[in-house]
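Some notes on the structure that comes next.
The values are calculated or read from the model by the stated rules, or taken from the named source; none is laboratory data. On a predicted model such as this, the values are computed, not experimentally measured, just so you know. Positions of Cβ are backbone-derived with ideal geometry, glycine not excepted, and every protein chain shown enters the neighbour counts.
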Amino acid sequence: MDSIVKFAKQIEKKFSKIDYLICNGGVMFVPFNISNDHFEQHMAINYYGHCLLIAKLLTLLSANVQPGRIIVVSSGAHHASFGLRLHDLNSMKLYSTYHSYCQSKLCQIMFTYQFNRWLHYDRQSTNCPNVTINCLHPGMCRTGLMNAFNFIRYIRFIRESPLFRSAAEGAETILYTTLSGKIETISGEYFEDCHPQKSSQLSYDLIMQKQLWQQTWQDLRPWLTNDELKQFLIKI
């Protein structure tokens with residue numbers, strides 16, 4: 001998280017505004033590992049890191065005439081999550097590479113919905129962030145992440161299956177949500193194949209969204225200023 005704060009400070013020095021922030025850092029099915037910040041690495045890289053980066057760059061994203069766009073690259077794998085283990089987000093009590101990845105992607109989507117709700121709540125404020133946020137599933141793509149699928153080593157033809165897209169094809173929905181004028185004012189949606197879609201039923205659980213939201217900012221407290229923490233922890 002220290003590296004994210006450092007990176008954000010470097011961006012603030014170089015730029016007066018940011019038009020788009022694409023949150024697409026990710027790992028998948030990696031062995032259990034706890035970072036120096038005490039986060040399990042799926043959650044640290046796929047989820048917490050993006051949340052902190054958004055918080056640190058929100059002012060620059062708001063400095064546009066047109067709303068700055070935040071794009072969160074999630075995964076259809078969130079449907080397969082065993083649930084949201086709020087009491088053990090970092091898998092200290094029970095670890096599964098499969099569940100930890102799927103849970104991190106579910107958290108991304110729930111965060112997107114709650115962040116959008118926070119934006120609309122804060123419309124009453126003169127300091128309202130001028131941004132939109134959407135999330136998406138890019139499709140199953142032939143990228144380095146596929147190396148995590150051990151079974152594909154034995155079923156090589158799956159790599160060439162129509163089920164999997166090229167990296168360029170996987171970028172289509174990312175670019176659409178980032179650049180399309182058709183969704184300039186759209187916020188708080190989940191996209192697949194350049195169209196809004198329904199995410200999992202669990203992802204719409206308002207109580208769990210709010211609990212995750214509160215816990216996220218509390219967990220990131222060491223890297224947030226008092227003002228940042230205060231604005232995010234308002235009751236919505």
Look at segment 1-50 and say how many of its residues are over 17 Å from CYS135 (Cβ atoms), in contact with a Pro (Cβ under 9 Å, 6 or more places away or on another chain) and assigned to a loop (DSSP other than H, G, I, E, B).
2
Within segment 98-111, is even one residue outside any loop (DSSP other than H, G, I, E, B), surrounded by fewer than 22 Cβ atoms within 10 Å (Cβ to Cβ) and modelled with pLDDT under 95?
yes
Please count how many residues of segment 53-100 are hydroxyl-bearing (Ser, Thr, Tyr), within 22 Å of GLU189 (Cα to Cα) and within 15 Å of the chain's Cα centre (by Cα).
2
Only listed residue being hydrophobic (A, V, I, L, M, F, W, C), surrounded by fewer than 22 Cβ atoms within 10 Å (Cβ to Cβ), in a helix (DSSP H, G or I) and touching a residue at least 60 places away in the same chain (Cβ under 8 Å), chosen from LEU53, LEU60, LEU119:
LEU119
Going through segment 179-212 one residue at a time, which ones are of a type in the set (Phe, Trp, Tyr) and touching a strand residue (DSSP E or B) at 6+ places or on another chain (Cβ under 6 Å)?
TYR190, PHE191
Pairs returned, first residue in segment 187-207 that is touching a residue at least 12 places away in the same chain (Cβ under 8 Å), second residue that is in a helix (DSSP H, G or I) and of a type in the set (Phe, Trp, Tyr), beta-carbon separation under 6 angstrom, 6 or more apart or interchain, are GLY188/TYR113; CYS194/TYR176
